[in-house]
Each structure stands twice: as structure tokens, then as C-alpha cells.
Amino acid sequence: MDWGALLTTDNGAPFITPQSIPLALISKQTAAISSGAGAVTTITQTFPAGRPVIPFVYTTVNCVVSYSVSDTTITVSVRLPAATGGTVTAYFFTIFPQPLPDWGIAIWDEQGVCILTNETRVLTDVTAIGINGSDSAGFSINTTLAGKYGIIPGMSGLATGVINSGGTRPWSSQYFFSAVLNGGVTNIGQAQTAGNPGSEVSNLAYHNMKNRVYALNLANYD
């Protein structure tokens, strides 16, 4: 750093300006999950062009959750809920011009854009669950955390097989990480696109991506 301010979080993680700009909470959105056949519930958020964007998501019933980015819009998609009456909540983090506080500290970059204030909800203290490459990671992850946590949605594995009843045909089910809030705890586990195979499926093969999932304590951003 040639010049500027060196700021650290409570746990000692540095934020160096102006060379680095932290991601910050741009919005929190909640939607009721549609449970009809083939229904997909979506939440969208726009963000500044050329900036990174990350969602952290939790649901109140187990669901398949994924996200996609197109131009300056990020879309969180929820489908195949395990029960009716659930909700999905997404917290979106990106880099965007910060509104000035009534009082406090404000920092601008070289272009005159306010990038950080004392009211900025900075993304920090992300928790990694699992070890990349380990058999205990990927679709083997199933843990419970005290509090309200969201995850970055992602695929964790795949199961394939052959359906023998009613004519031979292929069967497959994708695994996705899930974060289900239940009271004061969050279960970080799995959701499947086709559920568990029945007795009519043979030649089963499981493909674990052995990847980690990232979680965030969202109570810090309410």
C-alpha cells in the first residue's frame, strides 16, 4: 500500500483502501416458496457492472437452491420444496457506492466514489465447512450450526442409475447444498433434484464433488 488507511475487523482481518474494496450488503429479500408441480421461486437483484456479487441464502423447508448471473442481474432460484408453506431469504453482497451517513467516517476512492463508511455492512467472517477433496465434503456434509446461517448455493454431487420398471431408462439426481433454518439453529445439508432412488433403480453410482460450502452468520446483517 503506497498510501491510504489500514482498517481491520474485530478478528484482525484487514481491509486496505483504496487498493482493495470490501463487498457489502446491498439488499436482503424474502419470498414465499411456490410448491406446485414444476414451480420455481426466484429472487433477483441488480448490481453495478463489472463488480463481483455473492448471495447467501437460507430456507425454512428443504429445497434445491441455485443461482445464476446474467449481465448485472443475479437470480436465486428455489424448487422442489420438501414441504409447503416455506420461505426463502437471500442476502446479496457486492461493491457499490455507499450512501453517506449522517455522521461518522467515509472513505472515497480515486474516482471520488464513496466506498466505505461506518454504516457499511461489510462481508466478513465467512465460515468454510468441509475440506476440498475429502470424502467428508460435498454431499457428505450434514451439520447443524447454532443461529441463522445462509450459504452460497452450489452443487455437491450426483447419483446415477437405471430404472428397470416400465421400460429401461436412465435415472439421475443432483445434490445441492441446503441451509434450512429451524428455530434457533440452521441445518447445513443436502437437497436432491430427484430424491432418493427407489427399489426400481439399479446400477447406482454416486459421484461426490468433495467440495466445501461457505456459510455466513446472517444475524449480523439484520
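The values are calculated or read from the model by the stated rules, or taken from the named source; none is laboratory data. Please read all numbers here as calculations on a predicted model, not as lab measurements. Note that each Cβ is placed from the backbone with ideal geometry, even for glycine, and that neighbours are counted across all protein chains shown. To get the accessible areas, we keep the full protein, side chains included, count just its heavy atoms, and leave off ligands, DNA and RNA. Shrake-Rupley method; radii C 1.70, N 1.55, O 1.52, S 1.80 Å.
Observations on the structure shown:
- Sparse packing (at most 15 other Cβ atoms within 10 Å of the Cβ) combined with a DSSP loop state is found for the following chymotrypsin sites (Phe, Trp or Tyr not before Pro) in region 74-174: TRP103.
- The residues of region 57-192 expose, per residue, 46 Å² of accessible area to a 1.4 Å probe.
- Across the accessible surface of the chain, with the other protein chains kept in place and a 1.4 Å probe, carbon and sulfur atoms take up 51 percent.
- Applying 0.36 nm per residue to the separation of TYR206 and THR73 and subtracting their alpha-carbon distance, the gain on full extension is 44.5 nm.
- Pairwise FRET efficiency - THR168 versus VAL126, Cβ, R0 = 45 Å, nearest 0.05: 0.50
- The gain in end-to-end length when the ASN11 to ALA31 segment is fully stretched comes to 3.9 nm, 0.36 nm per residue minus the alpha carbon separation.
- Once the chain from SER134 to TRP103 is taken as fully extended at 0.36 nm per residue, the excess over their C-alpha distance is 6.3 nm.
- Taking amide H atoms as placed 1.01 Å from N in the peptide plane, the amide H of ILE115 lies under 5 Å from those of GLN98, ILE107, TRP108, ASP109, each 5 or more residues away in sequence or on another chain.
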